[in-house]
Amino acid sequence: MTETYPSDSELLNLQSDSETGVEYIPTGTAPYYLHFRRLLYRLLLAARRANDLRVYDEGGLDVGVKAGKFWLGAELISYAGSTGNALAPNKAGIYIYLDAQGTLVMNEYGGFPSMAIMPHIRLAVASTSGADILSITDCRIGHNFLVPHASGAVCRSMEAHITDDTLMAGESGSVHTNLGATGAVVLALPIMPPAGTEFTFAVQTPYALGVDPGPNAIIRDDTGQPMARHRWASTVGACLTLVADSYGDWVPVAKYGTWGQEA
């Protein structure tokens, strides 16, 4: 159904909007143009942040992107804005986004990349025909909102494993335990994941929980660094957090309890 307005009498009696500070122009006000400019001034102030990182049509195949900022973890990334960005012709979908470093990407045609594998800010989807832009669909929605966990941090996913399993890079940031296992469990890490991929392992049942780096990778900790040797612990409470480096190896950033090395 169509959204309705307040009644005419209610509208005529409105003085201002308490959230934005926008003032309604009283009936019969003179000079009207001055009050209209005041209204526009307040409206533009209220809408200013909605313009951040907006993709707009410049004519032909060119688009501009307004300046804006976004957070990557604890780092504030700034994008200065740009103009004259030429889109490819005859594309049903051009997925426009900023990568984690704030670089504009406009050559994705099959869809946005996985957020878990390649963190990015989705800006718009454009379609082109010949030398013209047919449409630009805004995709910025959701980037200003984050659902926090009750503790105030982002809620991580957790998985309990009772048998051996292979983890995927798209599961980065998750926690893995052996809760419910009745024997040893070995979890294989993904091969050559993107740098920064992170997993946490926690022993919750008194059986060995092993972490396998893969055939050509190393877990770089103080127990030794031979190729393809997994780490394991069996004491409840032991935990280990590993982060992938740019060479496909794994760096421990947190460790508690005794973690042995595969013989």
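The values are calculated or read from the model by the stated rules, or taken from the named source; none is laboratory data. It should be emphasised that the depicted structure is a prediction, and the values quoted were computed from it without experimental measurement. We place every Cβ from the backbone using ideal geometry, glycine too, and count neighbours over all the protein chains shown.
Given the residues 30, 92, 88, which is the only one that is assigned to a loop (DSSP other than H, G, I, E, B), of a type in the set (A, V, I, L, M), in contact (Cβ under 8 Å) with a residue 40 or more places away in the chain and surrounded by fewer than 13 Cβ atoms within 10 Å (Cβ to Cβ)?
Values: 30 fails: in contact (Cβ under 8 Å) with a residue 40 or more places away in the chain; 92 fails: in contact (Cβ under 8 Å) with a residue 40 or more places away in the chain.
Selected residue: 88, the only one of 30, 92, 88 that is assigned to a loop (DSSP other than H, G, I, E, B), of a type in the set (A, V, I, L, M), in contact (Cβ under 8 Å) with a residue 40 or more places away in the chain and surrounded by fewer than 13 Cβ atoms within 10 Å (Cβ to Cβ).
For region 236-260, what are the residues that are among the polar types (S, T, N, Q) and either in a strand (DSSP E or B) or under 26 Å from the mean Cα position of the chain (by Cα) (or both)?
241, 246, listed by residue number.
Looking at 40, 12, 53, which is the one that is surrounded by 10 or more Cβ atoms within 10 Å (Cβ to Cβ), under 30 Å from residue 121 (Cβ atoms) and without any contact (Cβ under 8 Å) to a residue 40 or more places away in the chain?
Selected residue: 40, the only one of 40, 12, 53 that is surrounded by 10 or more Cβ atoms within 10 Å (Cβ to Cβ), under 30 Å from residue 121 (Cβ atoms) and without any contact (Cβ under 8 Å) to a residue 40 or more places away in the chain.
Give the number of residues within region 220-252 that are of a type in the set (Val, Ile, Thr), at pLDDT 95 or above and more than 17 Å from residue 190 (Cβ to Cβ).
The qualifying residues number 2.
Just to verify a result, which residue in region 158-191, among those that are under 20 Å from residue 234 (Cα atoms) and without any contact (Cβ under 8 Å) to a residue 24 or more places away in the chain, is surrounded by the fewest Cβ atoms within 10 Å (Cβ to Cβ)?
163
Of everything in region 104-131 that's among the polar types (S, T, N, Q) and part of a strand (DSSP E or B), which residue is surrounded by the most Cβ atoms within 10 Å (Cβ to Cβ)? Outline the logic, then answer.
Residues of region 104-131 among the polar types (S, T, N, Q): 107, 114, 127-129.
Now narrow it down to the ones that are part of a strand (DSSP E or B): 107, 127-129.
Working: 107: 10, 127: 16, 128: 21, 129: 13.
Step by step, filter region 104-131, then rank; the result is 128.
Every residue, every condition in (1) β-branched (Val, Ile, Thr); (2) part of a helix (DSSP H, G or I), yes or no:
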position: 36; (1), (2): no, yes
position: 42; (1), (2): no, yes
position: 56; (1), (2): no, no
position: 63; (1), (2): yes, no
position: 70; (1), (2): no, no
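Residue 58 versus (1) in the same structural domain as residue 90 (by TED's automatic domain parsing); (2) of a type in the set (Asp, Glu); (3) farther than 26 Å from residue 135 by Cβ: which is the lone unmet condition?
(3)
Listed here are the residues, each with its yes/no results for (1) within 15 Å of residue 99 (Cα to Cα); (2) in contact with a strand residue (DSSP E or B) (Cβ under 6 Å, 6 or more places away or on another chain); (3) of a type in the set (Gly, Ala, Ser).
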residue	(1), (2), (3)
29	no, no, no
39	no, no, no
75	yes, no, no
79	yes, yes, no
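Could you tell me whether residue 36 is outside the structural domain of residue 190 (by TED's automatic domain parsing), under 30 Å from residue 169 (Cβ atoms) and not aliphatic (A, V, I, L, M)? Step through it out loud before you land on a result.
On the way: outside the structural domain of residue 190 (by TED's automatic domain parsing): yes; under 30 Å from residue 169 (Cβ atoms): no; not aliphatic (A, V, I, L, M): yes.
So residue 36 does not fit the description; no.
Can you tell me which residues in region 201-219 are surrounded by fewer than 18 Cβ atoms within 10 Å (Cβ to Cβ), at pLDDT below 95 and either under 15 Å from residue 258 (Cβ atoms) or not polar (S, T, N, Q) (or both)?
Hit for region 201-219 is 215, nothing else.
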